[in-house]
Amino acid sequence: MSWENYMPYIYAIFAPFALALFGIIYGLVLKGFDRKLAAHMQWRVGPPLRQPFYDVLKLFEKENIVPKNAVPWIFNSAPIISMGALILALLYLPIGPFNPVLGNYGDLIVLLYILALPGLAMMLGGFSSSSPYSAVGAQREFIMILSYEFPLAIIIFTFAWKYSILYPNLKAFSLLTFVEHPLWQNVGILGFIGLLILLITMLVVTTGEVGRMPFDIADAGTEISGGALLEYTGKNLGLFYLADAVKIVVMGTLIITFFFPYNLSSLLLHYFSLPHYAWLTIDFLFYLLKLFIISFVVVTVMRVAFPRFRVDQVVKFYWGYATLASLIALSLIVLDTVGGV
Amino acid sequence: MIHIETSSGYWYPIIMLIAFIISWLIAYLIWRRGEKSYKKNTEEDDVFFAGNPPPQGELAHIKGNNLGWGFVEALDGFYNGMKRMHNGIINDYVGWFIGILAFVLIIIILWGGAI
Amino acid sequence: MVDMDKKVMARKMGRLIRSIWIFNWFNSCGVTELLPVVASIYDMERFGLIVVDNPKHADVLIVGGYQTEKSIKRVIRIYNQMPEPKAVMALGSCTITGGMYWDSYNTIKRLSDYIPVTIYVPGCPPRPEAVFQAVGMIFEHVNQLKKEVKGK
């Protein structure tokens with residue numbers, strides 16, 4: 001075996017550290033912006049941008065209570081599973097101009113399964129904590145997972161189907177295909193409308209996936225006082241807080257990969273000439289900007305504009321309207337392809 | 001390397017496992033930095049129950065049928081139809097069975113068994 | 001917090017005061033003036049103070065107004081369920097002396113007979129400015145503590 005054969009193992013061992021650092025720091029920065037901008041929308045001043053960092057530091061100083069009747073190892077490992085899964089998800093996603101670290105070693109289906117893990121970990125933690133409120137919260141989390149995975153799956157399969165028609169030689173589920181061939185130029189007017197509907201559905205699904213305001217039935221503060229996270233204190237809660245921050249980065253990157261995989265460098269390359277690393281920096285900053293805009297739309301605007309849905313309204317929303325919208329988008333894209341516009 | 005590869009996707013489980021272990025290790029290292037003490041077997045590690053003494057034994061368990069409430073409530077048209085079908089009369093069940101069997105047979109006869 | 005080393009305590013409190021999560025426990029008028037503190041004019045989130053859903057996540061327990069014989073049991077349990085380091089802020093004259101209910105048969109006259117109160121905020125009910133003054137005093141106290149530790 002040559003040196004090349006060991007490269008994926010080396011990537012798998014060292015890349016998580018860098019990506020975890022990036023995900024945590026930028027996730028917390030996005031959380032800070034979210035709180036500041038939400039405060040401004042409500043005519044308040046809001047906390048300083050580094051407030052989430054303070055929150056995490058404080059949470060790691062607090063006592064870590066494990067309830068009497070809880071199952072300690074499941075209770076304590078739930079935040080670790082959640083956080084680990086999100087760091088792993090970053091490995092399969094393209095970060096701005098950089099290709100996914102493990103892009104050649106796992107496709108979108110793998111990513112879809114990894115993304116189901118944080119919710120499942122939260123459920124495990126809720127059920128294992130022996131609190132009635134947490135059990136209700138965990139059950140609601142389960143309902144959330146069942147609800148949003150359906151439209152998400154339709155979106156992913158629409159994309160994969162379109163790519164399998166457009167590029168029969170490429171792997172349709174590979175994220176590298178997604179990044180290298182944005183779909184917007186390759187569809188007609190019907191397909192364009194379909195993609196727009198898919199984008200809106202994806203944004204709504206993301207809000208549910210990160211568990212924010214209109215869809216935060218799982219940890220509804222005023223109904224079940226914290227839900228699945230109720231019994232978590234100290235470092236466990238701190239790790240869930242971090243996982244929540246990284247989740248926005250992961251889901252935002254997923255949206256960017258699907259819908260906006262454009263880089264500034266390919267646009268500006270004809271006007272300037274800059275060294276390679278400068279272009280990489282510009283593209284990376286552009287990626288951070290895209291991520292910020294998506295976080296602003298998906299988290300901040302949604303949570304300020306809408307109050308919480310009821311459980312049955314969430315199910316109706318995702319299984320009814322979101323699924324219907326994504327199916328309409330799917331048929332539009334199919335029509336567009338078959339019609340050969 | 002062990003892997004699964006089809007015409008549209010691929011998966012290398014061993015690399016994923018290594019990456020997963022490293023990711024969990026990072027999460028564990030972060031988790032370890034926190035304070036770990038608490039006052040065991042005091043009121044502190046009782047579960048929160050709105051300031052009341054926590055329920056014991058069977059009362060503390062939430063039944064699983066709450067899980068379906070959201071779905072039953074949201075898709076009540078569908079569920080009501082299904083409930084009406086399950087009326088407990090054996091003749092109706094056999095009728096459904098024979099009807100669907102006839103439907104499948106007709107399809108098989110029309111397409112000649114090849115789809 | 002008594003058996004803690006002073007240096008550790010300064011570090012912990014220094015981190016704590018930057019993000020104070022509050023759990024409100026109130027069953028009377030003592031808290032009415034606390035609501036503007038959350039809203040846009042006074043906006044306590046400027047200093048990292050937010051209201052959380054349950055005592056398990058909270059750092060500060062705000063007890064607003066008088067407590068009755070029945071509710072004090074819940075206050076004590078909720079206080080015990082909060083993770084250390086924790087503090088209690090008592091709002092209103094009723095928590096200090098019983099206030100206008102001083103001769104009632106079933107109200108609690110002095111809260112610190114039951115739970116360790118960190119700071120009392122007098123008033124009937126206390127104005128938002130008084131709450132902020134109390135918070136400022138806590139900040140000042142912690143800064144003093146840090147200076148002491150550094151001086152050594």
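Read-outs: derived from the displayed coordinates by stated rules, not from any lab. Here the structure is a predicted model, which means the values were calculated and not measured. Using ideal geometry, Cβ is built from the backbone for each residue, glycine included, and neighbour counts are taken over all protein chains shown.
Taking the Cα atoms of segment B:2-42, report the difference between the largest and smallest coordinate on each principal axis, in whole Å and largest first.
Sorted from largest, the Cα extents of segment B:2-42 read 59, 19, 15 Å.
Over the Cα atoms of the protein assembly as shown, compute the convex hull volume and normalise it per residue, giving Å³.
226 Å³
Beyond 14 Å, how much of the Cα-Cα pair distribution for segment A:134-190 remains, as a whole percent?
Percentage above 14 Å: 64.
Report, in listed order, any pair from A:K36/A:K62; A:K36/B:K63; A:K58/A:K247; B:K40/C:K150 with a Cα-Cα distance greater than 32 Å.
A:K36/B:K63; B:K40/C:K150
Would you calculate the convex hull of the Cα atoms in segment A:238-341 and tell me its volume per residue in Å³?
About 174 Å³ per residue, rounded to a whole number.
In whole Å, what is the distance between the alpha-carbon centres of segment C:35-103 and segment A:126-194?
If we compute the Cα centre of each part, the gap is 44 Å.
Which FRET efficiency value, to the nearest 0.05, do you get for B:L25 and C:S112 by plugging their Cβ-Cβ distance into 1/(1 + (r/R0)^6) with R0 = 41 Å?
0.30
Applying 1/(1 + (r/R0)^6) with R0 = 22 Å to the Cβ-Cβ distance of A:F150 and B:W69, what FRET efficiency is obtained, to the nearest 0.05?
Result of the calculation: an efficiency of 0.75.
DSSP loop trypsin sites (Lys or Arg not before Pro) in segment B:12-72 with at most 15 other Cβ atoms within 10 Å of their Cβ, which ones?
B:R33, B:K36, B:K39, B:K40, B:K63
Sort segment C:6-145 into rounded, prolate or oblate with this rule: let a ≥ b ≥ c be the square roots of the eigenvalues of the Cα gyration tensor; rounded if a/c is under 1.5, and if a/c is not under 1.5, prolate when a/b is larger than b/c, oblate otherwise.
Because a/c hits 1.5 or more and a/b exceeds b/c, segment C:6-145 counts as prolate.
Would you look at the GNM of chain A, springs on alpha carbons closer than 10 Å, and say which of A:V299, A:V66, A:V246 moves the most?
A:V66
Let's see if you can work this out: charge +1 on each Lys and Arg Cβ, -1 on each Asp and Glu Cβ, no other charges. What is the dipole magnitude of the protein assembly as shown about its Cα centre, in debye to the nearest 20?
1380 debye
Binning at 5 angstrom from zero up to the longest distance, how are the C-alpha pair distances of segment B:5-115 distributed in percent?
Reading upward from the zero bin: 2, 7, 6, 6, 7, 8, 10, 12, 10, 9, 8, 6, 5, 3, 1.
According to the square roots a ≥ b ≥ c of the eigenvalues of the Cα gyration tensor, what is the shape class of chain A, taking rounded for a/c under 1.5, prolate for a/b larger than b/c otherwise, and oblate for the remainder?
Prolate.
With the alpha-carbon atoms as the only input, what is the per residue convex hull volume for segment A:37-162 in Å³?
Hull volume over Cα atoms, normalised by residue count, gives 191 Å³.
How high is the relative contact order of chain B, given as a whole-number percent (alpha carbon pairs under 8 Å, six or more residues apart)?
7 percent
Please list, by residue number, every one of the chymotrypsin sites (Phe, Trp or Tyr not before Pro) in segment A:266-308 that is coil in DSSP and has at most 14 other beta-carbon atoms within 10 Å.
Answer by residue number: A:Y271, A:F272.
Explain nothing, just the number: relative contact order of segment A:208-308, from Cα pairs under 8 Å at least 6 residues apart, as a whole percent.
Over segment A:208-308, the number comes to 41 percent.
List nothing, just return the count: lysine pairs in segment C:6-145, 8 or more apart or interchain, with Cα separation under 18 Å.
8
Mind giving me the FRET efficiency for B:I4 and A:L267? R0 is 45 Å, r the Cβ-Cβ distance, nearest 0.05 is fine.
Taking R0 as 45 Å, the efficiency between B:I4 and A:L267 is 0.75.
With both bridge residues required to lie in the protein assembly as shown, what share of the DSSP beta bridges run antiparallel, to the nearest 5%?
Restricted to the protein assembly as shown, the bridges split so that about 25 percent are antiparallel.
Among B:G68, B:G34, B:G57, whose mean-square fluctuation peaks in a Gaussian network model of chain B (Cα, cutoff 10 Å)?
In this elastic network of chain B, the residue with the biggest mean-square fluctuation among B:G68, B:G34, B:G57 is B:G34.
Using a Gaussian network model of chain A whose springs link C-alpha atoms within less than 10 Å, name the residue from A:Q139, A:Q185, A:Q313 with the highest mean-square fluctuation.
Top of the fluctuation ranking is A:Q185.
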